[in-house]
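The values are calculated or read from the model by the stated rules, or taken from the named source; none is laboratory data. Keep in mind it's a predicted model, so treat the numbers as computed, not measured. Using ideal geometry, Cβ is built from the backbone for each residue, glycine included, and neighbour counts are taken over all protein chains shown. Heads up: the accessible areas ignore ligands, DNA and RNA and are worked out on the full protein's heavy atoms, side chains in. Shrake-Rupley method; radii C 1.70, N 1.55, O 1.52, S 1.80 Å.
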Amino acid sequence: MTTKVHQCSSFASAPLVPSALAVMVGIVADRFADPWTTATWAAIAVVAAALAASGARWRGVAVPALVVAFAALGGGWHHHQWSDLAADDLARGDWITPRPAWVRGVLVAVPEFRESDQAGDSGLTRTVLAVTAIRDGEVWRAVTGRVDVSVSGDRANLAMGDPVMAAGMLGEVAGPLNPGETDRRDSLRARGVRLRMAIGEPMSLWPDPQGTPWPWHQRLGTARSRSQERLVRGLDPAVAPLAAALLLGRREAVDPDVNDAFARTGTTHLLAISGLHLQVLAGALWMMFRTLGTGRKSALLGVVAATVAYAILVGGMPSVVRSVAMTVAICLAGMRDRRARGANLMAAAALATLVMNPAHLFDVGCQLSFLCVAAVFWGVPPAARRLGVEIPSGSFFIDTNNVDNLRPVDPLKALERRYESAWKRLGRRFGTWLALLLVTSAVVWLVTLPLVMLRFHLISPIGVLLNVPLIPITSLALLLACLTLLTAASGPFSMVISMACTGTLKLTGWMVRWGGSRTWGHQFVAGPTCTWAMIAYGLLALVVVTKSSWRCWAWGVLGGWLALGLISSMVPARPAGLEAEVFAVGHGLSVLIQGSDGRAILYDCGRMRDPHVGRRLIAPALWARGVHRLDAVILSHADADHYNGLPDLLERFPIGEVRVPPGFDRDPSAARALRAARIRGVQVRPIVAGDRVDIGPGATLAVLHPPEGWPLDAPDNAHSVVLDLASEGRRVLLTGDLEGVGQAALTGQPPRRLDALLAPHHGGRTANPPWFYRWA
C-alpha cells in the first residue's frame, strides 16, 4: 500500500484528538463517580452542543462547550451501556443466592467446548443465552437479558442463533473471593451479561421446538463454525487449535500450557486476534488486488470490504475494532489522495472502539493495543534515529518524508547504493529491516512494560528477541491458514498449502515453548501498584512532548521511576505480626502464613480437578499480598486437591524448600510434583511432629502430626501435617484432611486452647466429631 501516515509533533493539526480525550474523560467520570443518569448526561450534551453552535464565532466559548458536549456524550453512552437495565430485564430480580430456574431464549455466542485433562471430568461448554422467557409456576413470563451459561459436558452441537431451553442454577455472576483474583463481572457486564447459569447435565440445555431462531445470528454462527471446520480439516491435529486461534480467534482448544508459554514470552498478541493480523491480511489483499490489475481506488475499496467482513467473522474484540478503524481511515484517505495523520488515526480508532462499546476503555487488551500503535508511531522513529538505524522507504506507518524522524543519508552512500550488486542490496535491506524490527520490538516492550507488570505481574525480556523472528513467521502462518481455509483442503495445491501452514505453526509452537522454558527469559513480580503505572505513563507522555533540550532529563526521571518500580516489586511485604490467610479455592486448601520479617510459607496449594489453580487463583493472591518468594511450601498429604497447584507456583516463585510427610511420594502424581521441584533445584525435605519452622521473631510454627515412624500404610488423610501457629498469645491450628487414626493420635496429646481451628477435611462430618472439638 502506498498510503503513508504523516507524523506530526503538533496535535493542533489533529482535531479528533481533543474529541476522543473528552469522550474518555466522560466515560471515566461515569464509571468511577456515576454522577448522573443517562438522561442528565444527554441534557448536558445537548445544552453544550447548542452553546458551541451559538458561540461559533467566539473560540473561547465554542471550543470548551464542544469538549463538554463530547465528554457528556461519552459519559451518557457509557451509563446507558453499563448501568441501564430494561424494565423486564431478568437481572432486576434477586439472584444473589443462586436458585433453580427454567428459561428459554436464543444462543448469541457459538458454544465452545473445553475438554478436561482430569480423569472422570466431562469437560465444560460455555456460551451466552439471550433470555426471552422464564418459567413461573405453570406459565412463561416474558423477560429480557443475557446469561452466561456453563454446561458440564459437550453441547457444541448446538448453534449460535438457535432457540433453546435451559434448566439449571441461576444467579448473579460471583465476584472475586481472593485478593488479586480476576473479576469476571466486569468483562461479562461489558457484554451485557449480569447473570450466570450452571447446568449439570448436557441434556438440560436442549433445542426449543416452539422458539423463533434469530437469522442474523444463525448465519454468523454458521459462518464461524464452518470456517473452523474447514480450517482444521486441512491441518495436522497437533497444530489445528493454534491455527484456529491465529486466524479465527477460537482459543478454546489451545493447550493451557501453550497459552501460558505465549504469556511468559510476551508473545500473546501473536496468538490472539490483534491489529497485526488485520494489517497482514490488509497488506496481502492490497498486493493481490494490484497484482490482478485492479485500480488503486478499487483495490482500496476491496481492502475495506474484506477487512470489515473479516472483523465481523472473528468478532468485535477491541484490538480488531481499533485495527479496522485505522485500516478503513487509511484506505479512505488514499481514495481521496490524502495522507492520514498518526494522531488523527489513533483518535478515530479510539472513537470507533468506544462507540462500539465504551467499556473497552478499561479492557487491558484494548489498552495494550493502543499503546503498541502509539509506540510504533512516536517511539520507533526517534529511537531508530538515535541508534543509527535507517528507516526503509515505504515503511508501514512511518513517513519517510518527515525529516524529523529520519537519519540523513550520506550522499556518497546514496551514490554507492545506486551501483551496488543485487545480492549486496538484498543483504543490506535484510539487515536494515532486521534492525528496525529489533528496535520496534524493544520500544513496544518498554512502552507496554508498566501495564504488563500491573495486570500480569510479568517481565518478559525474551519477547524482545522472540518477536523479531515470530512476527514474520506467524504472519506467514496466518496467510497460509487463510489459504488453507479458502482452498478447503482439496487437491494437490491445497495439500501443499496445508503442509506449509502446519510447518510454520509447528515452528511457532516450538519457538514459544523454547522461549517459555528459558528461566532467564521472564520474571514474575509481585507489584507494582496502579499509581506507579499511571505515573510511569504520565512521565512517558512528558518525554514525548518535552523539548529536545530537556528530553534527556525527562528520560532520566522516567528511567529512575521504572527502576524504582522494579526494585519495589521485589521487596517482600512485612505485616505487623504473624498472619495466616486462608484462600478461597473451592474444594481444596491453600493457606498463606506471613511473618513480620517478610518470610512467607504456603500450607497446601491445590483444588479438586483444577491443576491450574496455582496460576489462576493462588499466584495472583500471593502477588496481591506482596509475596515474591516462598520460603517454604508445606504439603499436608498426597491428595491432589492439596498439592496440584505446586507446578504452577514453581514457575512463578522462587521457593526455598518443599516439606512433605513421610510416604508422600507413594502416589505417582505426587511423586511427579516433587520431581518437578527437584528439577528446579528446590530441596524436598520430610516434615514430622516435633519439627519447628522459622517464621520470624515473636512467632512459632510447630508440627504436631504425623510423628516420626508413623505407619506408611495408613490412609493418606491420616498422614496430614498438623501445624500449630502461635504469636503474641494467640494460637491457630491447621489440620489439612486429618481424620481417623491420625485424628485419634493427635487428640492423644495434651488439649490445647485455640483461637482458631481449620476444620479438618473441608468440614466433612466424619472428620469433625464433637470429641475433637472438646479436645481443642
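Worth pointing out:
- Reachable aspartates and glutamates from LYS424, criterion Cα separation under 20 angstrom, eight or more residues apart if same chain: GLU390, ASP410, GLU416
- Solvent-accessible surface (1.4 angstrom probe) belonging to LEU635, in square angstrom, nearest 10: 0 Å²
- Rounded to two decimals, the Cα radius of gyration of segment 556-623 over 2.2 N^0.38 Å is 1.42.
- Two numbers describe the Cα atoms of segment 149-199: Rg and Dmax, which are 13.1, 39 Å.
- The order of the peptides 719-725, 583-589, 93-99 by mean Cβ neighbours within 10 Å, most packed first, is 719-725, 583-589, 93-99.
- Taking every DSSP helix (H) stretch of at least 4 residues in the chain, weighting each as -39,500 (n - 2.57) and dividing the sum by the residue count yields a mean residue ellipticity at 222 nm of -15500 deg cm²/dmol.
- Note on segment 659-698: the C-alpha convex hull projects to 3.7 nm² when averaged across all orientations.
- Taking only protein heavy atoms and a 1.4 Å probe, the accessible area of segment 586-654 is 47% carbon and sulfur.
- Here the dipole of segment 198-341 is about 1080 debye; that uses its Cα centre as origin and unit charges on the Cβ of Lys and Arg (positive) and Asp and Glu (negative).
- Cα-Cα separations in the chain greater than 42 Å, expressed as whole percent: 41 percent
- Using only the C-alpha atoms, the convex hull of segment 598-653 corresponds to 63 Å³ per residue.
- Scattering profile of segment 55-213 at q = 0.10, 0.13, 0.16, 0.19 Å⁻¹ [log10 I(q)/I(0), Debye over alpha-carbon scatterers]: -0.46, -0.68, -0.93, -1.22
- Among beta bridges identified by DSSP and lying wholly in the chain, the antiparallel ones come to about 75 percent.
- Overall Cα dimensions of segment 588-745, principal axis frame, Å, largest first: 40, 38, 26
- When each of the peptides 756-768, 154-166 is scored by the mean number of other C-beta atoms lying within 10 Å of its residues, the order from highest to lowest reads 154-166, 756-768.
- Per-residue ³J(HN,Hα) for segment 204-209, Karplus 6.51 cos²θ - 1.76 cosθ + 1.60, θ = phi - 60°, Hz, x for Gly and Pro: 7, 10, 9, x, 9, x
- Distances between placed amide hydrogens fall under 5 Å for ASP89 paired with THR144, all partners being 5 or more residues away or on another chain.
- As a rough guide to protection, the peptides 273-279, 304-310, 606-612 ranked by mean Cβ packing within 10 Å, highest first, stand as 273-279, 606-612, 304-310.
- Under the Karplus curve 6.51 cos²θ - 1.76 cosθ + 1.60, θ = phi - 60°, whole-Hz ³J(HN,Hα) for segment 162-170, x wherever Gly or Pro sits: 7, x, 9, 10, 9, 10, x, 8, 9
- Shape parameters for segment 495-606, alpha-carbon atoms, Rg then Dmax in Å: 22.4, 66
- Within the accessible area of segment 212-336 (1.4 Å probe), percent carbon and sulfur: 64 percent
- The solvent-accessible area of ARG513, taken with every protein chain present and a 1.4 Å probe, is close to 130 Å².
- Tail beyond 21 Å, pair distance distribution of segment 441-540 (Cα, percent): 51 percent
- Charge dipole of the chain (Cα centre as origin; +1 on each Lys and Arg Cβ, -1 on each Asp and Glu Cβ, all else neutral): 3220 debye, rounded to the nearest 20.
- Amide H within-cut-off set for VAL164, under 5 Å, with H built and near neighbours excluded: GLY105, VAL106, LEU107, ASP208
- Accessible surface calculations at 1.4 Å, restricted to protein heavy atoms, place the chain at 47 Å² per residue.
- Note, ³J(HN,Hα) from phi for segment 642-651, Karplus 6.51, -1.76, 1.60, rounded to Hz, x at Gly and Pro: 10, 9, 6, x, 4, x, 5, 5, 4, 6
- Leading residue at positive end of dipole, the chain (Cβ point charges), from GLY463, ALA20, ALA573: ALA20
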